[in-house]
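Chemist: Dropping a structure here in structure tokens format, bear with me for questions.
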Amino acid sequence: MKFKGTIWLTAAFIGLVLYHFLVDVPTEKRQKEEKARSEKVLLFEAEDVTSLTLSGKNGPIILKQVGANEWKMTEPVEASGDSTTVSNFLSLLKQLNFARVVEETPADISVFGLDTPSLQISLSLKNGKEKGIRIGDDHPMGGKIYLTRAGEEKVLTASIARNQLDLSVYELRDKAILTFDTSQVIKLECVRNGKTLIFEKQEDTWNLSEGVSTARGDADEILNLINTIRAARIKKFIDEQPETLAPFGLDQPTLRLILTDSKSDTPFSLLVGIEKDEGYYAKTVSGENVFAIDREFFDRLNNSRLVDFMKKTLLDLKEDEVASLAIRAEGEDIRIVRNEEDKQKWTLEHPVKEHANSAAVNNLLFDLKDIRVVEFIKTSTTDLKPFGLGPPKKKLIVTDKNGKDWSLSLGELTTEKTHHFAQRTGEKAVFTLKTTDVEKIFRSLHDLKDRTLLGFKKEEIERIEVRYPNQTFELKRSGTGWRLTQPERVDPIQGFIGNDILWTLNALEFESIVSSPPDDEVTGFNHPRLMVYLWDKNNQTQGHVEVGNPVPDFPRLHYSRVGEKLGTYTIKKRFLDEIPDNIDKFKRKLSTG
């Protein structure tokens, strides 16, 4: 029986829960919505409004919807409406609640200032209905106004400031000076002081010109200017239909702006005249009315210089599209080409044909992409000798995979010795580069040659032999690690010891080639300080290096010979420090590992 009672209690509880969520909650929600609707001054949907009228002391302002969120002012002037302002205003009206009902049927509405309302707002809806409100006096307690709905006597109060509803023609009118799509702009001309500054886009590149001066443009700076023009707003409307433009200085404009849009047959044009208290008088060529723009916008246009928009990035470089590099300097002519099979590898073609130092070449390209012009000294000049550019001291030529060349000419040091004068392809401008940046890109043949002494694949090495005059260490690969077999057995040793030796040998580079090496007594090759041999699993030698004595007068360098390579090289002494030289180092590595 207790079990049946429990079932009935559970069922009752579930029923109560279902009733709460299926009946009580929806009812409560509906009641809240109905209460919220009952407190609205006006019930409407913004998208249903076809026209808006504000009738105040200065006559009516009428706006009609002519497209999706697009409004046109028809009174007191014909002009585009400010769609954002209209949309915000309708949203404000829709959300406006009344605080209380003051009188249902007032005997005298003049008490509330509603016999001659200071403002009437009317909305025409798609269904043909009209809705609106009449605004009376401010409430004596402040923060509220008296109002009535159109067609009703009931007097209400609403917590809103009068100036939030009493908008002016200026506020409701479109104040954009020029309306265009920034992404479609292909040309911009700014005429002032008898000179024309031209920005012209060709594919993804902006070119600049002013008189005989030409240059590559900085896309970001130019885009900022175009966006400034697009965002500029009319400060004040002056004259809708002027009889003559002379009083405004627009018959002979101080400044003329012409903007060409790829989607439009007619350019957008702005004329700017003289300055008065209201600002600079201006008008568009397509419009009749004269308006004022503020000084800040005028100064932005009038004070823009060619040099402000010249490209500061030295080169727009896509590293993977570079096919070859050439460096021409006094007494040196270097040419490097990219390998077809391995795009990360480079080959020296001149003055010798051999592997290039691919890491150095790739670093050069990386640096070249990041270097920026410090200062443009001359936007145009025909006399290059004062800058050491006629002819240049050095020249870098970058050729892309399509055979197109870009070049950088390098001139003299500046007076401070911290910068170099330079010039680049297709421009008459002379600019400066930091000396430290110049050193990154104008590398010597020594820097660009492959100075790696050994070439082997680390994973193919099975045995390493390190020979010192008094002791020999032999390491053999053991699975993923290594073991020591001479001078005594240490099995296993930490794997990174063998791998570190291979890494050191693989990265070993010479500092110089000794063209006329001294005898073996001087070099020390009769009694080498160190010899390292590498063997693969077939017991074939994959490389060996011998290290001799320090170079006289240069103790940080040692003589060296490598495998089948002919000649004598110098290498840095630190190579000796990176190869273990006694048994304790192997054991110590093991004990601390």
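Here, each number is a calculation from the coordinates, and none is a lab measurement. Predicted, not measured: the structure shown is a model, and the values here were computed from it. Note: ideal-geometry Cβ built from the backbone for every residue, glycine included; neighbour counts use all protein chains shown.
Chemist: Counting only residues 5 or more places away or on other chains, whose amide H sits under 5 Å from the amide H of I377 once H atoms are built in the peptide plane?
Modeler: The list, which skips near neighbours in sequence, is V430, F431, T432.
Chemist: Also, I was wondering about something else. Within segment 154-232, report the GluC sites (Glu not before Pro) that DSSP leaves as loop and that have at most 10 other Cβ atoms within 10 Å. It would help to have the intermediate numbers written out before the result.
Modeler: Numbers: sites: E171, E189, E200, E203, E210, E221; in loops: E203.
The qualifying sites are E203.
Chemist: Tabulate in residue order the Karplus-calculated ³J(HN,Hα) for segment 227-236, using 6.51 cos²θ - 1.76 cosθ + 1.60 with θ = phi - 60°, rounded to whole Hz; enter x for Gly and Pro.
Modeler: Calculated HN-Hα couplings, in order: 5, 4, 5, 5, 7, 5, 10, 5, 7, 7 Hz.
Chemist: Using +1 at the Cβ of each Lys and Arg and -1 at the Cβ of each Asp and Glu in segment 46-172, identify which of I62, V86, A107 lies farthest towards the dipole's positive end.
Modeler: Sorting the options by dipole projection puts first V86.
Chemist: In addition: Based on the Cβ-Cβ distance from T436 to Q241, what FRET efficiency comes out when R0 is 45 Å, to the nearest 0.05?
Modeler: Values: r = 63 Å, r/R0 = 1.39.
It comes out at approximately 0.10.
Chemist: Near the amide H of D218, under 5 Å away, which other amide H atoms are found, from residues 5 or more places off or on another chain, if H is placed in the peptide plane?
Modeler: Correct list: M310, K311.
Chemist: Let me ask something else. How about segment 367-423: which trypsin sites (Lys or Arg not before Pro) there lie in a loop by DSSP and see at most 11 other Cβ atoms within 10 Å? Please list the in-between numbers first.
Modeler: Details: sites: K369, R372, K378, K393, K394, K395, K401, K404, K417; in loops: K393, K401, K404, K417.
Hits after loop and neighbour filter: K404, K417.
Chemist: Let a ≥ b ≥ c be the square roots of the eigenvalues of the Cα gyration tensor of segment 320-448; is it rounded (a/c under 1.5), or, if not, prolate (a/b larger than b/c) or oblate?
Modeler: Values: a/c = 1.98, a/b = 1.83, b/c = 1.08.
Taking the square roots of the gyration eigenvalues as a ≥ b ≥ c, segment 320-448 is prolate.
Chemist: Please get the size of the charge dipole for segment 46-172, origin at its Cα centre, with Cβ charges of +1 on Lys and Arg and -1 on Asp and Glu, quoted in debye to the nearest 20. The partial results should precede the final answer.
Modeler: On the way: 13 positive and 17 negative charges, 48 e Å.
Using Cβ point charges on Lys, Arg, Asp and Glu, segment 46-172 gives about 220 debye.
Chemist: Let me ask you something else. All other residues with a Cβ under 11 Å from the Cβ of V86 taken together, and with Lys, Arg as +1 and Asp, Glu as -1, what is their net charge? Working shown, then result.
Modeler: On the way: positive: K64, K72, R173; negative: E70, D82, E171, D174.
Its environment carries a net charge of -1.
Chemist: What percent do you get for the relative contact order of the chain when only Cα pairs under 8 Å and 6+ apart count?
Modeler: Working: 1116 pairs, mean separation 39.0, N = 593.
That works out to 7 percent.
Chemist: Can you work out ³J(HN,Hα) from phi for every residue in segment 573-582, in order, using Karplus 6.51 cos²θ - 1.76 cosθ + 1.60 and θ = phi - 60°, giving whole Hz and x for Gly and Pro?
Modeler: 3J(HN,Hα) across segment 573-582, in whole Hz: 4, 4, 4, 5, 6, 8, 9, x, 10, 7.
Chemist: I've got another one for you. Taking the alpha-carbon distance from K195 and a cut-off under 22 Å, which lysines remain once sequence neighbours fewer than 8 residues away in the same chain are dropped?
Modeler: By straight Cα distance, K195 reaches K187, K283, K311, K378, K428.
Chemist: Further, regarding this structure: Taking neighbour Cβ counts within 10 Å as the exposure measure, how do V111, V101 sort from fewest upward? Could the numbers behind the result be given before it?
Modeler: Details: V111 15, V101 10.
Lowest count first: V101, V111.
Chemist: Something else about it: How far is helix 358-370 tilted off the main Cα axis of the chain, in degrees rounded to 10, range 0 to 90?
Modeler: For 358-370 against the chain, the angle is about 30 degrees.
Chemist: If you place +1 on the Cβ of every Lys and Arg, -1 on the Cβ of every Asp and Glu, and leave all else neutral, what size is the dipole of the chain about its Cα centre, to the nearest 20 Debye? Numbers along the way, then the final one.
Modeler: Details: 85 positive and 93 negative charges, 299 e Å.
Dipole size: approximately 1440 debye.
Chemist: Using modelled amide H (1.01 Å from N, peptide plane; none on Pro or chain starts), what sits under 5 Å from the amide H of W482, excluding residues fewer than 5 places away?
Modeler: When sequence neighbours closer than 5 places are left aside, the close amide H contacts are I493, G495.
Chemist: So if I place +1 on the C-beta of Lys and Arg and -1 on the C-beta of Asp and Glu, and nothing else carries charge, what would the dipole magnitude of segment 182-309 be about its Cα centre? I want it in debye, nearest 20. Provide the component values of the computation, followed by the final result.
Modeler: Numbers: 16 positive and 22 negative charges, 22 e Å.
It comes to approximately 100 debye.
Chemist: Placing +1 on the Cβ of each Lys and Arg and -1 on the Cβ of each Asp and Glu in segment 304-460, which of F366, W346, F421 has its Cα farthest towards the positive end of the resulting dipole?
Modeler: It is F421.
Chemist: Let me make sure I get this right: for segment 182-309, a, b and c are the square roots of the gyration tensor eigenvalues over alpha carbons, sorted descending. Under 1.5 in a/c it's rounded, otherwise prolate if a/b > b/c, else oblate. Which is it? Intermediate values should be presented prior to the final figure.
Modeler: Details: a/c = 2.00, a/b = 1.73, b/c = 1.16.
Prolate, because a/c is 1.5 or more and a/b exceeds b/c.
Chemist: Moving on to the next point. Residue-wise, which Karplus ³J(HN,Hα) couplings in Hz belong to segment 371-379, taking 6.51 cos²θ - 1.76 cosθ + 1.60, θ = phi - 60°, and x for glycine or proline?
Modeler: 5, 10, 5, 7, 7, 8, 7, 9, 7
Chemist: If you don't mind, another one. Please go through the residue pairs K394/K573; K64/K94; K404/K449; K345/K385; K318/K572 and name each one whose alpha carbons sit more than 29 Å apart in this structure.
Modeler: Pairs exceeding the cut-off: K394/K573; K345/K385; K318/K572.
Chemist: Further question on the same structure: Do any GluC sites (Glu not before Pro) in segment 245-319 lie in a DSSP loop with no more than 16 other beta carbon atoms within 10 Å, and if so, which? Let's see the in-between values first.
Modeler: Working: sites: E275, E278, E288, E296, E319; in loops: E278, E288.
When the GluC sites (Glu not before Pro) of segment 245-319 are filtered for loop state and at most 16 Cβ neighbours within 10 Å, E278, E288 remain.
Chemist: Note the listed values [x] 70, 25, 22; [y] 33, 29, 25; [z] 80, 45, 18, then indicate which one is semi-axes √(5λ) of the Cα gyration tensor in Å calculated from this particular structure.
Modeler: Here the calculated entry is [z].
Chemist: Straight-line reach from K476: which lysines fall under 25 Å, measuring Cα to Cα and dropping same-chain residues less than 8 apart?
Modeler: Partners found: K457, K458, K537, K585, K587, K589.
Chemist: Now a separate question. Enumerate the aspartates and glutamates that K126 could reach by cross-link, defined here as Cα to Cα under 15 Å, with residues fewer than 8 away along the same chain left out.
Modeler: E45, E47, D48
Chemist: Something else: So, counting K/R as plus one and D/E as minus one, what does the shell of residues with Cβ under 15 Å around K131 add up to?
Modeler: Details: positive: R37, K40, K94, K126, K129, R134, R149, K154; negative: E45, E47, D48, E130, E152.
It works out to a net charge of +3.
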